[in-house]
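The values are calculated or read from the model by the stated rules, or taken from the named source; none is laboratory data. Everything numeric here is computed off the predicted structure, so don't read it as measured data. Because the Cβ atoms are built from the backbone with ideal geometry, glycine has one as well, and the counts that use them run over all protein chains shown.
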Amino acid sequence: MNKIIFFAAACLLTALPLSAKERKVRILLYSVNKPAAITLTPEQGNVFLNDKVLRTPVVIEAKGQLAAARGFAPPGKRIRVDAAGRGIWFSGGKSPRRLYKGLIEITAEKGRLKIINTVPLEAYIASVVSAEAGDLSQTEAFKAQAVAARTYVLKHMGNHTRDGYNMCDSTHCQFFGGFGAVKASAQAAADFTRGEVVTYHGKLAATFYHSICGGRTEAMIYVWPFEHKPYLVSVKDGPANKPYCSVAPGFSWKTRVSLKALTGMARSQKWILPQENIRKMEVMDRGISKRAVTLILSTENRRATLSATKFYHGIGRRAGWNVIRSTLFYLYSGKDYVIFEGVGNGHGVGMCQWGAEGMARLGFKYRDILKHYYPGTEISYD
Ligand SMILES: [Zn+2]
Ligand SMILES: [Zn+2]
C-alpha cells in the first residue's frame, strides 16, 4: 500500500513544471589562486573562442586589465569561450587540470585572470555532489547531498553578485571542480531530486553541511555567533556509543603541535604579540556538542582568549585542513608541545555527510536524513 502511494506521489511530483530547469549559476573558477595564464584544450565537439572555432590548445594570459589568447586574439576586455559538446580542459601552472562546459567569460584584473563559467543549475549540482560527497557509497546519502547542495546554492545566489558572479568554486561557497569527474551516482542523485529543496516556513533553508560531526552536530550560534537559524541546532547523530558518522574513515584523529609552531602561527595571525611565546593552551568553554568555543593561549605574561572557530580556520588556511580537523578536540600538554585529540571533520553545523552515509546504510531515506539534520524543515519544490 505504502509503495503504491509513494509511486503515485512520485509520478505527480515529476509531472510538475520545474522552474529549476532553466536556472543558471555563474561560478568564478580558480577563485583561490587566480592564474596569470592558463591553457585551454578543447576536448571534443564545438568550442568557440570569440566566435572562431577552436581546434588546438591556446594560452590565455592576463595583460594588466586585458586578456589575450596567444596567437588567437589580441589583448581585449573580454574573451568569450563557448564550450558545447564535451567541453574544454583548463590546465597549466599551479591550476589543477579541469574540464568545463558551457559559457566561459575571461577578463583580467591586475594581471590575473577572472574566469566565470555559466552552467545550468542541475549540472552544477551533479558536479558539486561528486566533489563534496565523492567518498560516500549510499544512494540515499547522495540524494540528501544533492538536495542540500541545491538548496545551498539557491539560498546563497547573492554571495558574490557584487563581483559579477553567484558562487566561487572553493569551499567558501561549494566546491566546484568542473565536469571531468562527475560520478554517475552523483548525476543520478541530482536527477532523482531535481528541483527539490529544503524549506523552513516556506523559505529556503540555509543548508550548511560538513564532513563528520563526531557524534553531535553543533548549533550555528556557537560556530558563527552572529547568526541563528531555528533548524541549525545541535542534533544527536545516532546512539552515543555508535554515532551514524562513525562509519567514516578518519572519524577520530590526533595531532601533535609544538609550542614553537603554535607560537609562529599565533604571531602570524596576530592572536599574540610578536614578542610573545605560547606556554600553554587550554579550552575555556564548550558548546552543546562539546566542541571548543573559546581557547586560552597563555604566554609569559598573559592569558589571551581566542575563538576556537578562528583558531580552526587560521590553522586550516595556513597548515591545511587535515591538521586540526574540527573544534571537537581535547588538549593534552607536554613540555614543549600540545596534543590535540579530536573527533569529526568540519565545522559541525547542519548535515553531517558521513552521518547521512551511516543513516542510509541503516535504511533511512534521504528525506528522513535531511529532516534529521535540519529539524523542523520540509522538502519543497523550487
Ligand atoms: Zn564564495
Ligand atoms: Zn555525524
Problem - Criterion (out of contact with any Ser or Thr (no Cβ under 9 Å at 6 or more places or on another chain), away from ligand 1 (no atom under 16 Å from the Cβ), within 25 Å of Lys229 (Cβ to Cβ) and of a type outside the set (Phe, Trp, Tyr)) met by exactly one of Lys371, Lys310 - result: Lys310
Handout entry: Subset of the range 30-53 (residues that are touching a Ser or Thr at 6+ places or on another chain (Cβ under 9 Å), hydrophobic (A, V, I, L, M, F, W, C) and surrounded by 19 or more Cβ atoms within 10 Å (Cβ to Cβ))
Key = Ile38, Leu40
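Let's see how each residue does on (1) β-branched (Val, Ile, Thr); (2) in contact with a strand residue (DSSP E or B) (Cβ under 9 Å, 6 or more places away or on another chain); (3) farther than 21 Å from Val129 by Cα; (4) modelled with pLDDT under 95:
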{"position": "Val283", "(1), (2), (3), (4)": "yes, yes, yes, no"}
{"position": "Ile296", "(1), (2), (3), (4)": "yes, yes, yes, no"}
{"position": "Ala304", "(1), (2), (3), (4)": "no, yes, yes, yes"}
{"position": "Tyr312", "(1), (2), (3), (4)": "no, yes, yes, yes"}
{"position": "Ile324", "(1), (2), (3), (4)": "yes, yes, yes, yes"}
{"position": "Phe329", "(1), (2), (3), (4)": "no, yes, yes, no"}
{"position": "Gly334", "(1), (2), (3), (4)": "no, yes, yes, yes"}
{"position": "Glu341", "(1), (2), (3), (4)": "no, yes, yes, no"}
{"position": "Glu357", "(1), (2), (3), (4)": "no, no, no, no"}
Problem - Yes/no for Phe142 being surrounded by 23 or more Cβ atoms within 10 Å (Cβ to Cβ), closer than 20 Å to Thr377 by Cα and outside the structural domain of Gly320 (by TED's automatic domain parsing) - result: yes
Problem - Condition broken by Thr207, with the remaining ones in (1) away from ligand 1 (no atom under 16 Å from the Cβ); (2) in contact (Cβ under 8 Å) with a residue 60 or more places away in the chain; (3) assigned to a loop (DSSP other than H, G, I, E, B) satisfied - result: (1)
Exercise for the section: Any residue in the range 341-356 that's within 16 Å of ligand 1 (Cβ to nearest atom): show its pairings with residues that are outside any loop (DSSP other than H, G, I, E, B) and among the aliphatic types (A, V, I, L, M) at Cβ separation under 7 Å, as long as the two are six or more apart or on different chains. Expected result: His347/Val223
Practice task
Of all residues in the range 212-233, count the ones that are modelled with pLDDT under 95 and of a type in the set (Gly, Ala, Ser).
Solution key: 1
Handout entry: Filter result for Ala126 (modelled with pLDDT of 95 or more, away from ligand 1 (no atom under 16 Å from the Cβ) and either surrounded by fewer than 22 Cβ atoms within 10 Å (Cβ to Cβ) or in a strand (DSSP E or B) (or both))
Key = no
Handout entry: Condition check for Ala261: under 21 Å from Val223 (Cα atoms) and either in contact with a Leu (Cβ under 6 Å, 6 or more places away or on another chain) or not polar (S, T, N, Q) (or both)
Key = no
Handout entry: the range 157-216, subset under 19 Å from Phe90 (Cβ atoms) and of a type in the set (A, V, I, L, M, F, W, C), residue farthest from ligand 2 (Cβ to nearest atom)
Key = Phe179
Fill in the blank from the handout: Only one of (1) of a type in the set (Asp, Glu); (2) closer than 20 Å to Gly164 by Cα; (3) touching a Phe, Trp or Tyr at 6+ places or on another chain (Cβ under 8 Å) does not apply to Glu105, and that is (3)
Handout entry: From Val283, Val257, residue being of a type in the set (Val, Ile, Thr), touching a helix residue (DSSP H, G or I) at 6+ places or on another chain (Cβ under 9 Å) and touching a residue at least 60 places away in the same chain (Cβ under 8 Å)
Key = Val257
